[in-house]
Structures are given as C-alpha cells and as structure tokens.
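Below is one structure, written out as structure tokens, with a few remarks after it.
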Amino acid sequence: MNFELVLGIETSCDETAASVVLEGTKVLSNIISSQIDTHRVYGGVVPEIASRKHIESISFVVGEAFRQAGIEKEDVGAIAATCGPGLAGALIVGLSYAKALSFGLKKPMIGVNHIEGHIAANYIEDPTLKPPFLCLVASGGHTHLLMAKSMTEYEVLGRTRDDAAGEAYDKTARALGLPYPGGPAIDALAPAGNPDAVPLPKAEVSGAPWDFSFSGLKSATLNYINRCRMTSVPLVVADVAASFQKAVTEVLTEKAVGACVKLGADKLALAGGVASNTALRALMKKACEKRNIKLYMPRPLYCTDNAAMIASCGYFQLQQGKISTLDLNANPDLAI
C-alpha cells in the first residue's frame, strides 16, 4: 500500500491545522487556522470555545490543504490525526473528521501522539537527522527530555513534575499584564530588561537529574510581582520578564546539554512551542557549540502546533505497519 502522501490533521488545542506531506519530510501544504485572537480576551484557551471553533474551521482547512498541495482527497495514501494528549473536545473534532475521511476514502488512519509529532518536526526541517538523538520537547502543556531510539521509539529520560515551561510563561505573562499567548510576549519584552534584576530559583528534583519543575519558579515570580504592588515598590515589567526567561532557559539548556554530555550523545533536537523562544535557541546554540553537540531546531512555524509534524510522524508510524482502527478514542492524557 502506498503511504507516500499523508494528510495530517491537528486539533489538540487552539489551532485547526491540516497538511499534506510527501514521504514524511516534504511539506506540500501546511494550513493553520489560529484561534489566538478569540481566546486572548479570556487570557487563555477556553476548551468549549476551542472545540466549537474547530468544528467551524476544519472542513475549510482540510480542503485548503488539498488545494494548496495540488491534489484531490482521493490521492492521499493515509490520514494521520492527533489523538492525544490535548483538550478532549478539541481532539475529538479532528479525530472524528479523520475517521470519516478514512472510512469514506477507504484509506488507512493512524492516531498520532502530539508529543511525538513535535519531535517529528525535526525530520521536516532536516531530513538528514536520524536517531539516536536526545530531544527536548517544551510546550504549553509538556516538558520532556527524551532519547529518540528510532523514528517511532522513544525513551523518556525526564519530564516536568508540575507546570510545563510554556504554562509557566503564560501564567507569569498574565500576572504582568501581558497579552496571551504569554511566551512570545515575554520573549519580545525580555531584551529590554535586566535578566539579573530579580533573583529567582531554579528547582532541582532530588534523585531525578533530568526532571523539571517550574511551579516554584512561577510562584516565586508571582510573589515578587504581588510584593511590589502591595508595598508600592516600582515594578519594572521588562526586568521581571528578563529574569524569568533567564531562569527558564538556563534550566532547559543545562539539563538537555548536561544529559547529552552524561550519556555521550552528540545530537540534540528541540521541539514544541517553547523551542521557538529566541533566548532559548541562542543559549542552546552556544552551549552545544561549546560541547561539540550538533543542534537541530525546527523553524518557529514547525515548533508551534501544526499538522505537517502530525503527517510526518504518521508516515513513519505507517512504515512500521502501525495502523489505527476506527474505534480509536481521543486520549487527553496520552503519554509518550
């Protein structure tokens, strides 16, 4: 069966996305309908609204993916869709649409783990990348340090014990009065501030050197903000943003590069929305160059949620004969 052309569908959070990818690495179309403006007024994603917006957008988005790829829907070899983790209602929309296409077109379907999809974005950016390599996945919902043993097999070395890095960014930005999404807002403001102005903690997890914890950092930052406001001490928002960003990016870099050195890995890949952060990318590049580690970073378009990464991941799964049945359920807590 020919799986060279794969349609990817992604609806795990607040982007409705569809993409046609050839042979797992060649993106023929990559359509993303963002809901950021809709959710910005609430300061974060409202799950019920996200689900409704996916329903409104998905037919157009998928049709546009076929149109820009220059193919008919019958031309695809398979359909890949995110089945988890993510928002339950949002996942159901994309997965149900994929099931309907699979049934109607008599094409195989593969449910894709969203985290594995983020990793696969690196194969799109640089098709020469081959396992084994270490990968840091940092996003609004996840912070994982993994060993990619093959294109479809991963070993989790460490993960966050509480807040994800992106979640800490969003909550800190909200406390500072910055717009949603918080990550890009803090990243844009931080260069104007002093990264050493606010002393902030960098948590270590006892007995788990590759695990992360951002709850304490978030709490310390919010406490500093509240203390300034309660005592009429001038709050320099840019200084807080810079100090917070320094604390997050240093922890991510130290653990990821430290794991490479400890395990003798000479390749490190970044993935997830936080991987588009300019400070993190610069710090990682500097640290990897110092240690002679080859660093792989997808362009920001492929760091944030998109369907090209889902199609890519689905392609490699299909090469291993992994095909899902139509009774596959969305799993908001799906682990890697």
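The values are calculated or read from the model by the stated rules, or taken from the named source; none is laboratory data. Just so it is clear, the model here is predicted, and its values are computed rather than measured. So basically every Cβ, Gly included, is an ideal-geometry build from the backbone, and we count neighbours across all protein chains shown.
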message: in the same structural domain as residue 215 (by TED's automatic domain parsing) and in contact (Cβ under 8 Å) with a residue 60 or more places away in the chain: which single residue out of 182, 141, 193 fits that description?
response: 141
- request: Go through (1) within 20 Å of the chain's Cα centre (by Cα); (2) not in a helix (DSSP H, G or I) and name the single condition residue 186 misses.
  value: (2)
query: For the stretch 251-259, does any single residue satisfy the condition of being surrounded by 17 or more Cβ atoms within 10 Å (Cβ to Cβ), part of a helix (DSSP H, G or I) and either of a type in the set (Ser, Thr, Tyr) or in the same structural domain as residue 94 (by TED's automatic domain parsing) (or both)?
result: yes
- prompt: Which ones in the stretch 10-30 are in contact with a Phe, Trp or Tyr (Cβ under 6 Å, 6 or more places away or on another chain) and at negative phi?
  reply: 25
- prompt: From the list 331, 306, 292, which one is closer than 18 Å to residue 119 by Cα, among the polar types (S, T, N, Q) and modelled with pLDDT of 95 or more?
  reply: 306
task: For residue 127, state whether it is at pLDDT 95 or above, surrounded by fewer than 24 Cβ atoms within 10 Å (Cβ to Cβ), part of a loop (DSSP other than H, G, I, E, B) and in contact with a strand residue (DSSP E or B) (Cβ under 8 Å, 6 or more places away or on another chain).
output: no
query: Taking the stretch 284-329 as the search range and keeping residues that are over 23 Å from residue 181 (Cβ atoms) and aliphatic (A, V, I, L, M), which one is surrounded by the most Cβ atoms within 10 Å (Cβ to Cβ)?
result: 311
field: Qualifying position, being more than 24 Å from residue 319 (Cα to Cα) and among the hydroxyl-bearing types (Ser, Thr, Tyr), among 96, 102, 139, 150
entry: 139
task: Tell me, please, whether a residue that is surrounded by fewer than 19 Cβ atoms within 10 Å (Cβ to Cβ) and at pLDDT below 95 can be found in the stretch 185-196.
output: no
